[in-house]
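The values are calculated or read from the model by the stated rules, or taken from the named source; none is laboratory data. For clarity, every value in this text was computed on a predicted model and none was experimentally measured. Here the Cβ positions follow ideal geometry from the backbone for every residue, glycine too, while neighbour counts run over all protein chains shown. These area figures cover heavy atoms from the full protein model, side chains too; ligands, DNA and RNA do not enter into them. Shrake-Rupley method; radii C 1.70, N 1.55, O 1.52, S 1.80 Å.
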Amino acid sequence: FLPYLNGERTPHNDPNAKAVYLGMTLRHDKRHMIRSTMEGIVYSMKESYAIFRSLGIKGDRIIAAGGGAKSPLFRQIQEQASIGAAMTAAVGSGYFKDYEEACGQMVHLSPEVTEPIPENVKLYEEEFLRFKEIYFANKALF
């Protein structure tokens, strides 16, 4: 699933990008659509995270945020999520004096940690390579 329901900004600055479900057959049902949607969202976030890594910015852990953080399956799939845009807006508008204050007020960490399932990591890395090809293979059609 390409999760570009409203165009795409990162990593593809393409307002014409569209959402795509690829590879569906009659054997697929609602469960597959939901799983594909979660995976597509996470793969898109992974592409954005790769930009940070290419700039030498690395993290030692990833914090899941929002509704998806409540799902053990989504957390297991997830690479990263952030409330960074909201914090940036709050700091920029003067609601908080700086990011340290914003983090102190907006970030509330759970002690629960979700570790990757090692045998799934390789599979998701292989599928991620295919995911990245889908956008470029369909770009002209958007």
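State all residues of the stretch 14-52 that are open to solvent by 90 Å² or more (accessible area, probe 1.4 Å), out of contact with any Gly (no Cβ under 9 Å at 6 or more places or on another chain) and either closer than 21 Å to Glu126 by Cβ or assigned to a loop (DSSP other than H, G, I, E, B) (or both); if no residue qualifies, say none.
Leu22, Met24, Leu26, Arg27
Just to verify a result, which residue in the stretch 85-107, among those that are among the aliphatic types (A, V, I, L, M) and part of a helix (DSSP H, G or I), is most open to solvent (accessible area, probe 1.4 Å)? Talk me through it step by step, then tell me what you get.
Here is the first cut: in the stretch 85-107, the residues among the aliphatic types (A, V, I, L, M) are 85-87, 89-91, 102, 106-107.
This time we only want the ones that are part of a helix (DSSP H, G or I), so: 85-87, 89-91, 102, 106.
Values: Ala85: 83, Ala86: 52, Met87: 22, Ala89: 61, Ala90: 15, Val91: 29, Ala102: 0, Met106: 59 Å².
Here the residue is Ala85.
Of the numbered conditions (1) within 25 Å of Ala140 (Cα to Cα); (2) open to solvent by 90 Å² or more (accessible area, probe 1.4 Å), Thr10 fails exactly one; give the number of that condition.
(2)
Show the residue pairs that are 6+ apart or on different chains and have beta-carbon atoms under 8 Å apart, the first residue being within the stretch 85-114 and under 16 Å from Ile62 (Cβ atoms), the second being assigned to a loop (DSSP other than H, G, I, E, B) and open to solvent by 60 Å² or more (accessible area, probe 1.4 Å).
Between residues of the stretch 85-114 that are under 16 Å from Ile62 (Cβ atoms) and residues that are assigned to a loop (DSSP other than H, G, I, E, B) and open to solvent by 60 Å² or more (accessible area, probe 1.4 Å), the close pairs are Val107/Ile63; Leu109/Ile63.
Consider the stretch 19-38. How many of its residues are over 18 Å from Phe136 (Cβ atoms) and in contact with a helix residue (DSSP H, G or I) (Cβ under 9 Å, 6 or more places away or on another chain)? It would help to see each step written out before you state the result.
Of the residues in the stretch 19-38, the ones over 18 Å from Phe136 (Cβ atoms) are 24-38.
If we keep only those that are in contact with a helix residue (DSSP H, G or I) (Cβ under 9 Å, 6 or more places away or on another chain) as well, we get 24, 28, 35, 38.
The number of residues fulfilling the criteria is 4.
Test of understanding: among Ser82, Ser110, Ser71, which residue is open to solvent by 70 Å² or more (accessible area, probe 1.4 Å), closer than 30 Å to Lys18 by Cβ and at pLDDT below 90? Give the derivation first.
Details: Ser110 fails: closer than 30 Å to Lys18 by Cβ; Ser71 fails: open to solvent by 70 Å² or more (accessible area, probe 1.4 Å).
Going through Ser82, Ser110, Ser71 in turn, the sole match is Ser82.
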